[in-house]
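Note sheet for the following structure.
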């Protein structure tokens, strides 16, 4: 199993646990956060950080920058209310669901973007967002997640893993997904999960 796949499963399990335990206060606190500092003392975010650390899925960098990325990821993933399946996938099973960019793009079979949930210009701005502060990107992604219809079938694990590995390869993957552009290696190599 690749590092990316490991992170997918960690994020999926964390999200499922967040839903299952009916911790509405914790979810609301995570979703309302404006900065990583707002989440320093939130047990659910601390648990996600520890689990990623144990599985080797933390972004590289200082403690502060790693925590900021995990906190930003938590705010986006906590915004998801319904995913494709309630139970996390087994370690050897594929992660169910569809990527966020695909769900935001034009519906299958349509060549133009008239019916896309997120219009191409806004999607381009999302991909070009300044990622020096992960919470800024998270804010924009939370808005995008809120556009999804109930039962859209979002792959929560890939969403979280993509945010933790955000960079040129993930942006390219999302552009392909948005337009359903065919095969492209979605899982970055371990060294590509590191942020500069």
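The values are calculated or read from the model by the stated rules, or taken from the named source; none is laboratory data. This one's a predicted model, so the numbers in the text were calculated from it and none came from an experiment. We place every Cβ from the backbone using ideal geometry, glycine too, and count neighbours over all the protein chains shown.
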- Task: Being modelled with pLDDT of 90 or more and more than 17 Å from residue 167 (Cβ to Cβ) is the filter; apply it to segment 136-153 and report the residue that is surrounded by the most Cβ atoms within 10 Å (Cβ to Cβ).
- Result: 145
- Would you check if residue 110 is surrounded by 12 or more Cβ atoms within 10 Å (Cβ to Cβ), in a loop (DSSP other than H, G, I, E, B), out of contact with any strand residue (DSSP E or B) (no Cβ under 7 Å at 6 or more places or on another chain) and modelled with pLDDT of 70 or more? yes
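So, of the residues in segment 113-133 that are modelled with pLDDT under 90 and in contact with a helix residue (DSSP H, G or I) (Cβ under 8 Å, 6 or more places away or on another chain), which turns out to be nearest to residue 72 (Cα to Cα)?
Quick first cut of segment 113-133, residues modelled with pLDDT under 90 only: 113-115, 129-133.
This time we only want the ones that are in contact with a helix residue (DSSP H, G or I) (Cβ under 8 Å, 6 or more places away or on another chain), so: 113, 129-131, 133.
On the way: 113: 29, 129: 14, 130: 14, 131: 11, 133: 9 Å.
Ranking the candidates gives 133 first.
If I filter segment 37-44 for residues that are at pLDDT 85 or above, more than 22 Å from residue 149 (Cβ to Cβ), surrounded by fewer than 22 Cβ atoms within 10 Å (Cβ to Cβ) and under 14 Å from the mean Cα position of the chain (by Cα), do I get at least one hit? Spell out how you get there, then give the answer.
So the first thing to find is which residues in segment 37-44 are at pLDDT 85 or above, and the list is 37-44.
Going one step further and asking which of them are more than 22 Å from residue 149 (Cβ to Cβ), we end up with 37-44.
After this cut, where a residue has to be surrounded by fewer than 22 Cβ atoms within 10 Å (Cβ to Cβ) as well, the list is 37-38, 40-44.
When the remaining residues are screened for being under 14 Å from the mean Cα position of the chain (by Cα), the result is none.
Within segment 37-44, none of the residues are at pLDDT 85 or above, more than 22 Å from residue 149 (Cβ to Cβ), surrounded by fewer than 22 Cβ atoms within 10 Å (Cβ to Cβ) and under 14 Å from the mean Cα position of the chain (by Cα).
State whether the residues of segment 125-135 include one that is in a helix (DSSP H, G or I) and within 13 Å of the chain's Cα centre (by Cα).
Within segment 125-135, one or more residues are in a helix (DSSP H, G or I) and within 13 Å of the chain's Cα centre (by Cα).
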- Task: Report yes if some residue within segment 58-70 is modelled with pLDDT under 90 and within 16 Å of the chain's Cα centre (by Cα); otherwise report no.
- Result: yes
- Message: Given the condition modelled with pLDDT under 90 and on the phi > 0 side of the Ramachandran plot, answer yes or no: does some residue in segment 14-35 qualify?
- Response: yes
